[in-house]
Amino acid sequence: MASTLQKFIHSLDLRALPRVLQIQSGIYCQDSIYEMFGNEFSLSTEDVIKVIGFKINKLIASICENNEVSQLSAKVELPLNFPGLYKVVADKTPYVSIEEIARTVSIGPTRFGHPSFYSAKDIKLENFTIKHDEQITFNSVEEVHGIMAVNCVVVRNNQSHSLTLPLSQEGEFYECEDDQIYTLKEIAEWKIPKGRNRIVKLSTALHMWDSSSPLPENFDGCLILMPVYKVQAVMKFRKDIIHILSDLDVEVKDVTDHYDISSFLQPLSLEDIFERTSKEFPMVAQIMEGPSGNQKPYNLLSTGKEIVIYKKYQAARVLASEMRSDSSKRHYLIPMSYKGKFKRRPREFPTAYDLEIVRNEKEHLHVVATKAFTSPHEELFSVSVGDQFLVQQCQTSEVLYEGGKKLIDVLACEQILSDSYKKVLLPMYMEGGFVEVVHDKKQYHLSEICKEFHLPFNVKVSVRDLSIEKDVLAAAPGLQFEEEITDSYLLISSASSPVESWEIPVYRLNMLVHLLSKDVQTVAPPVTRTTVEEVSEEEYYMLRRYENLTIHPPPRPPKKPT
């Protein structure tokens with residue numbers, strides 16, 4: 001049965017991809033030429049395309065009154081970066097099953113992917129009954145004892161109850177009101193259900209309104225948003241990816257079940273390549289869609305270029321951020337092969353407990369107090385701004401407490417006076433402020449810092465890496481090495497001139513290739529070039545969150561006695 005491309009894509013589940021579509025009809029002339037996103041291609045009736053992916057490209061908005069499109073409202077296009085913060089209006093149309101929710105609503109690991117619903121009737125489970133109108137938060141979809149189900153949380157009397165609802169559970173489910181605010185991009189990525197439009201209310205005024213804005217001046221009402229998708233597809237006899245907007249006026253028919261899908265080129269993402277067994281490497285591939293960016297090696301990975309993929313592996317990186325007071329910090333992943341050298345920069349410590357964490361047996365930590373602290377105990381030292389200390393060790397000390405004696409954890413230090421040293425004890429719970437005094441003039445390689453010091457660690461490049469054409473780290477006013485991470489990489493080189501190889505990240509590089517049945521001329525990879533990878537703010541927080549899930553945080557500082 002034929003339908004418009006827009007209707008088909010709006011109802012399509014990403015998990016059902018790929019799908020083979022046959023062009024049925026359109027208002028274009030036969031063999032019309034389309035040029036979208038840099039791709040020129042023609043579509044004719046009965047042409048066949050294989051859809052391999054899609055994502056929201058822009059939004060069509062209409063001004064909304066009483067949850068309906070205003071009769072006087074014209075439809076306007078809004079880019080995903082359109083300014084403003086918006087509240088999501090709960091959809092009044094019910095969902096008839098958990099399966100429908102899981103199929104149409106984005107459920108994922110981020111805070112955006114935890115939608116909440118309520119049931120119009122009680123739901124009786126084996127050991128728990130969900131009451132009607134009780135908020136159910138959906139956290140993830142997975143297989144439980146061979147049955148696909150949604151992991152949920154119900155909070156009742158300030159106590160969380162974890163439970164699972166099978167996708168087969170039927171009922172009448174409604175969206176809960178959402179008091180969070182979102183950007184349009186966040187709403188497009190997480191808050192527009194498949195096959196439904198979304199009503200949003202402007203939460204903050206548009207400060208920079210001008211005559212070119214598609215919305216009326218001082219607008220503070222509701223909008224109905226309809227997504228327009230950018231569809232990724234493969235055509236026969238083409239070796240690249242084409243992009244089509246879902247609102248292209250064309251009718252299509254799903255012929256997946258009657259078509260040999262293997263007759264198309266098989267696009268593979270870097271994740272697909274990484275999942276292959278080690279025995280399958282090395283392999284030759286042709287790029288169907290290259291990554292964006294001017295940084296090497298990304299500017300060498302253009303569409304149509306053939307590459308050799310030598311191996312897959314895990315490699316260590318140090319996650320570093322520029323030391324700036326403003327919000328324009330840049331973030332980097334530095335490989336252990338980086339050949340530059342670093343000099344130490346002073347670190348800052350908010351508590352005495354932080355001094356104990358970074359204390360090193362090889363040297364005395366020298367710090368200056370930047371915040372005063374008055375000790376509630378006579379046995380312990382009161383700190384003034386400018387006091388200097390050499391940190392010694394952690395120990396316990398007796399203090400008078402509620403008429404008796406009590407042992408507490410303290411930090412033994414030597415206060416530096418003008419001509420002598422004085423032994424003092426600082427309570428471990430002390431909330432003060434300290435800045436390090438650096439006496440060490442040595443220049444360190446990255447591996448030495450990771451081996452000898454506790455991260456985070458502050459540095460500045462003293463000798464740049466001469467093997468890198470443009471060492472971006474050398475221009476930074478200072479760097480904080482935040483943590484050492486392990487990430488997945490592929491080692492590649494050009495197939496035509498394999499004079500050097502590059503490590504490319506598997507999960508941060510959007511690139512599609514197809515494998516060629518060619519023999520690899522040289523099994524051993526050429527010399528690997530060092531690449532410092534700059535990561536976006538979003539990628540930075542994803543890396544930090546992932547790493548922080550895999551390591552145990554340090555114990556909390558002792559509480560101040562009341």
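The values are calculated or read from the model by the stated rules, or taken from the named source; none is laboratory data. Being a predicted model, the structure only gives us computed values, none of them experimental. Cβ sites come from the backbone with ideal geometry, for glycine too, and all protein chains shown count toward neighbours. Protein only, heavy atoms only, side chains kept; ligands, DNA and RNA dropped before computing areas. Shrake-Rupley method; radii C 1.70, N 1.55, O 1.52, S 1.80 Å.
Annotations
- Leu473 in contact with a strand residue (DSSP E or B) (Cβ under 6 Å, 6 or more places away or on another chain) and touching a residue at least 24 places away in the same chain (Cβ under 8 Å): yes
- For the range 1-70, the strands (runs of 3 or more DSSP E) that sit wholly inside it and include 3 or more residues that are open to solvent by less than 40 Å² (accessible area, probe 1.4 Å) and modelled with pLDDT of 90 or more are 48-65.
Residues are listed down the side, and each one gets a yes or a no for (1) over 23 Å from Gln521 (Cα atoms); (2) open to solvent by 40 Å² or more (accessible area, probe 1.4 Å):
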site	(1), (2)
Leu270	no, no
Gly290	yes, no
Ser325	yes, yes
Arg347	yes, no
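- Subset of the range 482-503 [β-branched (Val, Ile, Thr) and open to solvent by less than 40 Å² (accessible area, probe 1.4 Å)]: Ile485, Ile492
- Residues in the range 383-415 that are open to solvent by 50 Å² or more (accessible area, probe 1.4 Å), within 23 Å of Phe457 (Cβ to Cβ) and hydrophobic (A, V, I, L, M, F, W, C): Cys394 alone.
- Set Tyr444, Tyr421: member being surrounded by 14 or more Cβ atoms within 10 Å (Cβ to Cβ), of a type outside the set (Lys, Arg) and at negative phi: Tyr444
- Of all the residues in the range 79-127, those that are aliphatic (A, V, I, L, M), under 18 Å from Leu59 (Cα atoms) and out of contact with any Asp or Glu (no Cβ under 9 Å at 6 or more places or on another chain) number 1.
- Condition check for Gly195: more than 30 Å from Met542 (Cβ to Cβ) and outside the structural domain of Ser3 (by the TED database): no
- Count of residues meeting criterion [part of a strand (DSSP E or B) and either open to solvent by less than 30 Å² (accessible area, probe 1.4 Å) or of a type outside the set (S, T, N, Q) (or both)] in the range 138-162: 15
- Filtering the range 322-379 to residues that are small (Gly, Ala, Ser) and assigned to a loop (DSSP other than H, G, I, E, B) leaves Ser325, Ser327, Ser328, Ser337, Gly340, Ala372, Ser375.
- Evaluation of Thr522 against (1) touching an Asp or Glu at 6+ places or on another chain (Cβ under 9 Å); (2) at pLDDT below 85; (3) of a type in the set (Ser, Thr, Tyr) (one fails), failing number: (1)
- The residues of the range 174-200 that are at pLDDT below 90, of a type in the set (Val, Ile, Thr) and open to solvent by less than 60 Å² (accessible area, probe 1.4 Å) amount to a single one, Thr183.
- If only residues of the range 351-371 that are over 26 Å from Leu446 (Cβ atoms) and either of a type in the set (Gly, Ala, Ser) or open to solvent by 50 Å² or more (accessible area, probe 1.4 Å) (or both) are counted, the one that is nearest to the chain's Cα centre (by Cα) is Ala352.
- Tallying residues that are part of a loop (DSSP other than H, G, I, E, B), under 22 Å from Arg156 (Cβ atoms) and not β-branched (Val, Ile, Thr) within the range 73-131 yields 11.
- Qualifying residue in the range 207-215 (condition: more than 29 Å from Leu21 (Cα to Cα) and surrounded by 16 or more Cβ atoms within 10 Å (Cβ to Cβ)): yes
- Within the range 183-190, at least one residue is assigned to a loop (DSSP other than H, G, I, E, B), out of contact with any Cys (no Cβ under 8 Å at 6 or more places or on another chain) and within 30 Å of Glu538 (Cα to Cα).
- Of the residues making up the range 461-481, those that are over 27 Å from the mean Cα position of the chain (by Cα) and either within 11 Å of Ala320 (Cα to Cα) or open to solvent by 40 Å² or more (accessible area, probe 1.4 Å) (or both) are Ser462, Val463, Arg464, Leu466, Ser467, Glu469.
- Test result for Ser203, touching a strand residue (DSSP E or B) at 6+ places or on another chain (Cβ under 6 Å), at pLDDT below 85, of a type in the set (Gly, Ala, Ser) and open to solvent by 40 Å² or more (accessible area, probe 1.4 Å): yes
- Check on His454, closer than 30 Å to Ser375 by Cα and surrounded by fewer than 17 Cβ atoms within 10 Å (Cβ to Cβ): yes
- Residue match in the range 530-544 (condition: within 24 Å of Lys470 (Cβ to Cβ), open to solvent by 30 Å² or more (accessible area, probe 1.4 Å) and of a type in the set (Val, Ile, Thr)): no
- For Tyr298: the one exception among (1) surrounded by fewer than 14 Cβ atoms within 10 Å (Cβ to Cβ); (2) of a type outside the set (D, E, K, R); (3) in contact (Cβ under 8 Å) with a residue 60 or more places away in the chain: (1)
- Apart from one condition, Tyr229 fits all of (1) in contact with a Lys or Arg (Cβ under 8 Å, 6 or more places away or on another chain); (2) closer than 24 Å to Val89 by Cα; (3) surrounded by fewer than 19 Cβ atoms within 10 Å (Cβ to Cβ); (4) not hydrophobic (A, V, I, L, M, F, W, C); the exception is (3).
- If you go through the range 289-320 and keep only what is of a type in the set (A, V, I, L, M, F, W, C) and either modelled with pLDDT of 90 or more or assigned to a helix (DSSP H, G or I) (or both), you end up with Leu300, Ile307, Val308, Ile309, Ala315, Ala316, Val318, Leu319, Ala320.
- For first residues located in the range 219-248 and touching a residue at least 40 places away in the same chain (Cβ under 8 Å), partners that are open to solvent by 30 Å² or more (accessible area, probe 1.4 Å) and of a type in the set (Gly, Ala, Ser) and lie 6+ apart or on another chain with Cβ distances below 8 Å form the pairs Lys236/Ser263; Lys239/Gly304; Asp240/Gly304; Leu248/Gly26.
- Close pairs from the range 365-394: first within 16 Å of Met428 (Cα to Cα), partner loosely packed, with under 14 Cβ neighbours inside 10 Å and of a type in the set (S, T, N, Q), Cβ under 9 Å, at least 6 apart: Ala369/Ser384; Ala372/Ser384; Phe373/Ser384; Ser382/Thr374; Val383/Thr374
- Any hit, the range 466-484, residues being polar (S, T, N, Q) and assigned by the TED database to the domain that holds Pro291: yes
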